[in-house]
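Have a look at the structure below before the remarks.
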Amino acid sequence: MIDKSKIKTVFVDVDDTVWWFTENSKLSLRHVYDHFGLSRWEPSYEVFRDVYLTKNHELWQLYHHGEITKDFLLAERFRYTLSQIGVSEGVEALAKEIDDEYLRFLALQRIVVPGAREMLEYLSSRYRVHVLSNGFKGVQDRKLISAGIRHLVDKIIISDDCGITKPQRGIFDYALEQCHAQAETTVMIGDNADADIAGAHNAGWHTIYFNLRGTENCPVADAEVDNLADVMRIL
Ligand SMILES: [Mg+2]
């Protein structure tokens with residue numbers, strides 16, 4: 001249970017918590033498949049997509065835990081995908097071009113998670129609301145601007161700024177310091193049970209797990225919702 005009278009600060013994750021990464025990235029992936037004529041190598045968009053999504057997920061897990069760098073993640077996800085669909089020449093250069101275009105197009109997308117705008121409007125009128133994200137500097141800011149929700153959050157704290165990623169303790173302490181907040185009066189809302197919730201819990205914060213995908217429960221979360229409207233009942 002969270003005693004909302006004791007809460008002053010709320011941190012929200014970006015991707016798949018307020019900005020609907022899953023939907024926006026589908027548009028962006030389809031865009032680069034068409035834009036770069038990748039059907040020359042793989043006639044099935046779905047095959048291309050699934051190879052990419054699997055590899056990207058795997059790389060993000062490693063990145064969250066500090067096992068690979070951001071540069072490696074960005075270079076590798078399309079390099080691997082291209083090599084799997086049979087591109088044999090100039091793979092690295094093409095992968096870089098695709099990744100740049102993918103990120104550029106992605107940051108322009110504006111689909112928000114259902115209820116995200118209303119939740120941020122509600123929270124920002126009652127608490128200090130900031131973003132805490134493992135996404136990339138510049139990109140996260142542009143996503144929120146594209147979706148018209150940037151004005152509903154105050155500071156944007158990104159792992160790039162401190163060189164530490166969620167779920168590591170350091171980024172949570174860094175966020176409190178940057179926002180002049182205290183762990184006991186702070187709540188983290190996020191869709192990643194490990195990076196957002198276990199990480200914040202270990203730093204002594206309160207937590208609300210947004211179980212967007214309806215997967216297994218998160219045992220350390222103080223509260224769990226499958227709909228952002230329910231956050232307004234808790235806070
Ligand atoms: Mg997320």
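The values are calculated or read from the model by the stated rules, or taken from the named source; none is laboratory data. Bear in mind the structure is a predicted one, so any value in this text is a computation, not a measurement. Cβ coordinates were reconstructed from backbone atoms using ideal geometry, including for glycine residues, and neighbour counts include every protein chain displayed. Calculation scope for accessible area: heavy atoms of the full protein, side chains included, ligands and nucleic acids excluded. Shrake-Rupley method; radii C 1.70, N 1.55, O 1.52, S 1.80 Å.
List of remarks:
- With all protein chains in place and a 1.4 Å probe, the accessible surface of the chain carries 51 percent carbon and sulfur.
- Compared with the alpha-carbon gap, the fully stretched path from L62 to V47 is longer by 3.1 nm at 0.36 nm per residue.
- H57 accessible area, assembled protein chains, probe 1.4 Å, Å²: 120 Å²
- Region 16-60: C-alpha gyration tensor shape, a/c 1.5 cut-off, then a/b vs b/c: oblate
- Under 15 Å, Cβ to Cβ, from H151 - net charge with Lys/Arg +1 and Asp/Glu -1: +3
- Only Cα sites of region 22-106 enter the Debye sum here, all with the same form factor; the resulting log10 I(q)/I(0) across q = 0.16, 0.22, 0.23, 0.26 1/Å is -0.57, -1.10, -1.20, -1.49, listed in q order.
- Taking region 106-220 and dividing mean pair separation by its residue count, relative contact order in percent (alpha carbons under 8 Å, at least six apart): 20 percent
- The residues of the chain expose on average 46 square angstrom of accessible surface per residue, using a 1.4 Å probe on protein heavy atoms.
- 0 to 90° range, to nearest 10: angle between helix 169-179 axis and the chain longest Cα axis: 60 degrees
- Region 98-175 has equivalent-ellipsoid semi-axes of 20, 20, 9 Å, by the square roots of 5 times the alpha carbon gyration tensor eigenvalues, sorted largest first.
- In a DSSP loop and with at most 11 other Cβ atoms within 10 Å, the GluC sites (Glu not before Pro) in region 18-89 are E67, E89.
- Across the chain, counting alpha-carbon atoms alone, Rg and Dmax equal 18.3, 61 Å.
- Packing-based order for 122-131, 34-43, 10-19, using average beta carbon neighbours within 10 Å, highest first: 10-19, 122-131, 34-43
- Heavy-atom accessible area for F105, with the other protein chains in place and a 1.4 Å probe, reaches approximately 50 Å².
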